[in-house]
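Here is the structure we will look at, set down as structure tokens.
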Amino acid sequence: MTDKREVGMSDPRTTTELFLGEGPGVTDAKSNHMFVNLGPAHPAMHGIIRIFAELDGETVVKADVEIGYLHRAFEKDCEVGPYNNAIPYTDRLNYVSPLINNFGYASAVEKLLGIDVTDRCKYIRVIMSEISRICDHLTCVGASAMELGAFTVFLYMIKAREFLWELVEEVTGARLTISYGRVGGVKADLPAGFHEKVKKAFAEVRQVLEETHTLVTGNRIFMDRMVGVGAISGPEAVAWGITGPFLRGSGVNYDVRKAQPYWAYDRMQFEVPLGKNGDNFDRFLVRMAEMEQSMRIAEQGLEGLPGGSIQVDWEGKAIDPAAYVDRGKQGKTEGLLLVPIQLSPNLQGQGRDAQRRVNADDKQVVLPPKETTYGSIEGLMNHFMLVMDGFGIRPPAGEAYVPVEGANGELGFYVVSDGTDRPYRVRCRPPCLPPVAALPRMIEGQMVADIIPTFGSVNMIGGELDR
Amino acid sequence: MDGGAIVARLKTRLGARVTETHAHRGDHTAVVTREAIVEALTYLRDEPDLRFDLLSDLTAVDYLRYPGREDGPRFDVVYHLYSIPHRHRVRLRVPVEQDDPVVPTITTLWPIANWLEREVWDMFGIRFHGHPDLRRLLLYEEFQGHPLRKDYPIERRQPLIGPNV
Amino acid sequence: MGVGGFFTSKLDEAIGWARKYSIFQYPFVTACCGMEYMATACSHYDVDRFGAGLPRFSPRQADVLFVVGTISHKMAPVLKRIYDQMCEPKWVVAFGVCTCTGGFYNNYATVQGIDTIIPVDVYIPGCPPRPESVIDGLMKLQDKIAAGAQRF
């Protein structure tokens, strides 16, 4: 064993002294404590993080958490390109619920610009955010159950997540890194028949939640490992800056959707589940209950979607595109060019009606619809000015902070603009940083095996923590 | 409570040490000198009808290339506060000069400030006087420079690290 | 060569067949690609039917290192150490475009492709790659495992 100091440790003892408790640097009587290093590559699949624990037998006496293994320079990368170029980087922040990040960043820039999005866009943002939130909670609960040995629960939850990812793919085109939000709106409208697909997917998710409840919620082993473990009181959690399901598990009622409603949340009926003891089991129950509430919100959103269904108003009959193509191949081409075709809006994408419904009516922010771009010189110039270097979205100089309710808590975007088309500073307030910072406090005094469920309920997402 | 009223209360309490207040797009901000920041935050946290119990964010901005602030203080340390009982927010800024980038720590007020200040040190090079353990948070100790400063180019490569180097 | 060559090549084929259908992977999961890795490993896009269903969470028990997700400079020495701890024969799969070339993270913090650190056998591009791409990459890896001369 070399005497080279471990990277990042501020402890002045050498490695031999640290790990074996032998050598000239060891002076205190605690020399029979063992030091165990969990990570950075370890099976708890939440991400890469290092927990350096000092153990007295099985009990953790002190712990130090080291993060930063996934630092990908998000904040610096956002300053390089125009405002909309930061959207793919925001996808990869909390990569299990990427839609919330997209919309949060877009809302911050919209606040800087002083514009408001259309009603339909707000409803779409709420619906897609809630679907993303359910995906996040499914992954978190599934992964932490797997780490305790309940592998079946993990498989069931990932199955449910697949159904939701199919929905996301219908709307945005991708499963995970979707880049769906835009400054001023969203990329495209919801496809036809979305409401029915959501109903089917939610029926599957509800069934999976039922099955999970029967498998683990009353399970003796699960409860023994989770109840009373990793407890933190409400006021202490607030002092540590913790928000989200973690804080609500300790009984503090703070949900950004209720406290400072944004988008269409003030028109939705939902409850905020609260825990009592602040231990892992309460947080698990809070997340399970929140999934049900998220489904409720998404269903209300779809029912109350303004602008009605997505059928485009055409004179004459619509024809199924496949039948259209078949007719053409058979040589029956008379009158085909006059027949209105209805493609899925997110393939057609930028048609005038679809664009106007979900994007703000601001020429300096939103790309013009394709009919205008290709059909008129003003539209072409508008499109050119928005995309050219040095032009584009230029919010007036200033700063704005917009908090949204991410799956882990208050996800805040603080954007500073200097009047040019590049953001001057983009800061993401990571909701999982406070629980990870409080992790040493929560595992001290507990046993080594209790680190795993506690860390699982922290729901640390590396992309968001290290940015 | 309305944001303007909060900032006015702070100004009454601290007097001339609140050098500027403004509200841009509804976000009320107070610019405070660095000697007064600990007192300002303690007042905001403990005063019953302000009760800013949640330190939402602690970050910094480098104004080296900002039009209009070329000769002003280079950095601003920004504090975002939120009150859970009263549901209001406020932002505080502390201007910091380039040749003396030190700000008093607020770890005694909120324990989360420990990590947030470490991140500001890591990314900007602003020291926090009185911080118990000021080391890098997101980058490794051998990293040279402070990347979020405007004069650090994004593609700069670092010397290699590792056991065999 | 003659008859001896026939038997060694048949033995090679048999061992190659056995090795390719019993992959014990070490999923070195760091970032977003981990979500697609989980999706591929679970019921919808099962990799267990390829014999690769048991992830071994220790490099000493694994033979394929799936590097899933961005590797930063802080993580790179750890990756090298994990690779060194694996025993021969071992293969490396670069899963996701961040491990192939660094992805769109051309900055001070990201390793521009893990083949600057360790030798890679199969590259699976995508950000993140769809499970179908992952399975395609896995099948290419199986072909590579079976085709090589088997040392033991």
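Just so you know, all these numbers are worked out from the coordinates, no wet-lab data involved. Values in this document were obtained by computation on a predicted structure and should not be read as measured data. Counting neighbours? That spans all protein chains shown, and the Cβs are built from the backbone with ideal geometry, glycine included.
Of note:
- Hydrodynamic estimate: the Kirkwood radius of the stretch C:80-127 over Cα pairs, inserted into Stokes-Einstein at 25 °C and 0.890 mPa s, corresponds to D of 218 µm²/s.
- Stretching the chain fully between A:F391 and A:F151 yields a gain of 81.2 nm (0.36 nm per residue, less the alpha carbon separation).
- Percent of Cα pairs exceeding the 15 Å cut-off, where the set is the stretch A:235-280: 44
- Sites matching chymotrypsin sites (Phe, Trp or Tyr not before Pro) across the stretch A:32-92 that sit in DSSP coil, with at most 16 neighbouring C-beta atoms within 10 Å: none
- Label point 7 Å beyond Cα of B:L109 along Cβ direction - residues of the stretch B:26-43 with amide nitrogen under 18 Å: B:28-43
- Size of electric dipole in the stretch B:1-97: Cβ of Lys, Arg +1 and of Asp, Glu -1, about Cα centre, debye, nearest 20: 180
- Chain C, Rg to Rh (Cα coordinates; Rh as Kirkwood inverse mean 1/r): 1.01
- 16 Å tail of the calculated P(r), the stretch B:52-165, as % of Cα pairs: 64
- Positive-end residue of C:P89, C:V68, C:G148, charge dipole of chain C with Cβ unit charges: C:P89
- All Cα-Cα distances of the protein assembly as shown, cut into 20 Å bins from zero to the largest, leave 15, 48, 31, 6, 0 percent in each bin in turn.
- Excluding same-chain neighbours fewer than eight residues apart, the aspartates and glutamates reachable from A:K200 by a Cα-Cα span under 18 Å are A:E130, A:E162, A:E166, A:E169, A:E170, A:E210, A:E211, A:E292, A:E299, A:E303.
- Sequence-distant lysines (8 or more away, or on other chains) whose Cα lies within less than 18 Å of A:K258: A:K122
- Cross-link partners for A:K62 among the lysines, with Cα-Cα distance under 23 Å and sequence neighbours closer than 8 places in the same chain left out: A:K4, A:K30.
- FRET efficiency for A:R441 and A:N32, using Cβ-Cβ distance with R0 set to 30 Å, rounded to 0.05: 0.80
- Inter-site label distance for A:T214 and B:A8 at 7 Å from Cα along Cβ, in nm: 6.2
- Kirkwood-based Rg to Rh ratio, the stretch A:122-269, C-alpha trace: 1.00
- Entries in A:K159/C:K140; C:K20/C:K74; C:K10/C:K140; A:K76/A:K111; A:K76/C:K80; A:K199/A:K276 that, when Cα-Cα distance is taken, lie over 30 Å: C:K20/C:K74; A:K199/A:K276
- For the stretch B:54-155, the list of GluC sites (Glu not before Pro) that fall in a loop by DSSP and count at most 15 other C-beta atoms within 10 angstrom reads B:E70, B:E97, B:E141, B:E155.
- Average Cα contact separation per residue, the stretch B:3-129, under 8 Å, 6 or more apart, as relative contact order %: 23
- Of B:V90, B:L44, B:L14, farthest towards positive along the dipole that unit charges on Lys, Arg, Asp, Glu beta carbons give the protein assembly as shown: B:V90
- Spacing of the modelled spin labels on C:N106 and A:S233, each 7 Å from Cα toward Cβ, amounts to 5.4 nm.
- Student exercise, chain C dipole from Lys, Arg, Asp, Glu Cβ charges, in Debye to nearest 20: 320
- Measuring nothing but how far apart in sequence close Cα pairs (under 8 Å, 6+ apart) lie, relative to its length, the stretch C:28-147 scores a relative contact order of 26 percent.
- Percent of beta bridges antiparallel (DSSP, the protein assembly as shown, rounded to nearest 5): 75
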